[in-house]
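The values are calculated or read from the model by the stated rules, or taken from the named source; none is laboratory data. Values in this document were obtained by computation on a predicted structure and should not be read as measured data. Cβ coordinates were reconstructed from backbone atoms using ideal geometry, including for glycine residues, and neighbour counts include every protein chain displayed.
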Amino acid sequence: MHKQYCRRISQNLHATVFSACICLALLLALPLAVTADDSSAPERVDPDEIEKLVQDEKGKVLILNFWATWCAPCRAEIRDLVKIRQDYSPDRVSIIGISLDFNPQAVPPFMERKEMNYPVYISSQEVMDAYNIAGIPYTLIYDAKGNLAEVHDELVDYEILKEELDRLLAD
């Protein structure tokens, strides 16, 4: 009797674990099953295209921000970048966001919710490798001549960004 009881518990446990694994797999696959048209996602860029974007912004101070929708510190930094975009003329300061999201379809609704007021592109592990990005948010600030002036490998707050921009704009 004890053996039958143990066998039944073992079978129930195996069935429960199996069901939980199936549910987890389905939940993880759900973002990949989005059927929205790829045209709604931001344009994909590789390291060479990012360098071209940087070169195209010469004459302005550029904030290049690498982030993802699932990253809490990134979301906080985006709030400050939206404020920076409001506080500084687009003729003098440019902001470009590079999303490292695995699901590009998650980016447009996120951008809308956060009222992102600057261009965003999608990239990949290739860019992380090229820029030696070990974690996000990761923010690079270029002076008006296109030279890298500041590197932030963690959340940078509004006041620090403002100080750096003011200094670079005064040069």
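Descriptive notes on the structure:
- Counted residues, segment 97-115 - those being surrounded by 20 or more Cβ atoms within 10 Å (Cβ to Cβ) and within 19 Å of VAL156 (Cβ to Cβ): 4
- Filter result for LYS58 (in contact with a Gly (Cβ under 9 Å, 6 or more places away or on another chain) and over 16 Å from TYR121 (Cα atoms)): yes
- Taking segment 92-114 as the range and being in contact (Cβ under 8 Å) with a residue 60 or more places away in the chain and either on the phi > 0 side of the Ramachandran plot or among the charged types (D, E, K, R) (or both) as the test, only ARG92 passes.
- Filtered by the rule that a residue be exposed (fewer than 13 other Cβ atoms within 10 Å of the Cβ) and either over 22 Å from LEU100 (Cβ atoms) or at pLDDT 95 or above (or both), segment 120-150 gives LYS145, ASN147, LEU148.
- The single condition from (1) surrounded by 14 or more Cβ atoms within 10 Å (Cβ to Cβ); (2) part of a helix (DSSP H, G or I) that GLU159 fails is (1).
- Given (1) part of a loop (DSSP other than H, G, I, E, B); (2) hydroxyl-bearing (Ser, Thr, Tyr); (3) in contact (Cβ under 8 Å) with a residue 12 or more places away in the chain, index of the condition TYR121 fails: (1)
- Qualifying residue in segment 64-73 (condition: farther than 17 Å from GLU154 by Cβ and in a helix (DSSP H, G or I)): no
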